[in-house]
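The values are calculated or read from the model by the stated rules, or taken from the named source; none is laboratory data. Note that this is a predicted model, so its numbers are computed, not measured. Glycine also receives a Cβ, built like all others from the backbone with ideal geometry; neighbour counts cover every protein chain displayed. Ligands, DNA and RNA are stripped out before the accessible areas are found, and what is left, the full protein with its side chains, is counted by its heavy atoms. Shrake-Rupley method; radii C 1.70, N 1.55, O 1.52, S 1.80 Å.
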Amino acid sequence: GDKIYVNPGNPGDVLAEARETIEDFEGPSNTNYDVKAIAFKTGSWIVDGGITATSAADLKTGAQSIRLQGTTTNAKRKGILAMDFDLQGVKNLRVSHGIYPAAAETSNVNPTTFDVQVSKDGGVTYTTLKRVQVDIKSTVLITDVVEVKAGKTENVRIRIVNSSTPFANNNMPRINLDDIVFEY
């Protein structure tokens, strides 16, 4: 029954660490794996070698996720999901991911991976922040945290690159991505 009072010196001190932006990839849909720009709620994203995935098999939160594949022999299907806009002061990123549960993906002997990359020059160059291994046996999305460490006024854009070893047909394993959370 005790009461606790918090008296911050400045109201801005309380709000500074509570901000986040969530991209849930709901809304617009596309079922063609060729490169395209899709306007989601955070901004325009380049989906290169992926689709908006709505099937019952796709791992997702809500109605759809991104099913990212990529093909090594097709320049229009590189396996990249990229912001086409900047966000300022991103400290961390939370990425929910899982395997598309087709037989080829769930029996793959090579690691299924994706790289989380950051650009600080408007998408001209990228640096890999983390390589994430996808659990091919999990039937739910798993969330990984990636440190971005951007300065308060520093612009960044993020991209996710399917870095898996391709199958014999030059396609990479399909990965479901959903609910990317930007923490400030």
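One table, with the values for the structure above:
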| read-out | value |
| --- | --- |
| Residue that is nearest to Asp58 (Cα to Cα), among those in segment 122-156 that are open to solvent by less than 30 Å² (accessible area, probe 1.4 Å) and in a strand (DSSP E or B) | Val132 |
| Candidate set: segment 46-61, residues that are out of contact with any Phe, Trp or Tyr (no Cβ under 8 Å at 6 or more places or on another chain) and of a type in the set (Gly, Ala, Ser); chosen: the one least open to solvent (accessible area, probe 1.4 Å) | Ser55 |
| Residue match in segment 174-183 (condition: over 22 Å from Glu26 (Cβ atoms) and either at pLDDT 95 or above or open to solvent by less than 50 Å² (accessible area, probe 1.4 Å) (or both)) | no |
| Residue satisfying all of: in segment 77-92; of a type in the set (D, E, K, R) and out of contact with any Phe, Trp or Tyr (no Cβ under 8 Å at 6 or more places or on another chain); least open to solvent (accessible area, probe 1.4 Å) among these | Asp86 |
| Every pair of residues 6+ apart whose Cβ atoms lie under 7 Å, when the first sits in segment 159-184 and is at positive phi and among the acidic types (Asp, Glu) while the second is in a loop (DSSP other than H, G, I, E, B) and surrounded by fewer than 17 Cβ atoms within 10 Å (Cβ to Cβ) | Asp179/Thr61 |
| Residues (out of contact with any Lys or Arg (no Cβ under 8 Å at 6 or more places or on another chain) and of a type outside the set (A, V, I, L, M, F, W, C)) located in segment 93-115 | Arg94, Ser96, His97, Gly98, Pro101, Ser107, Asn108, Asn110, Pro111, Thr112 |
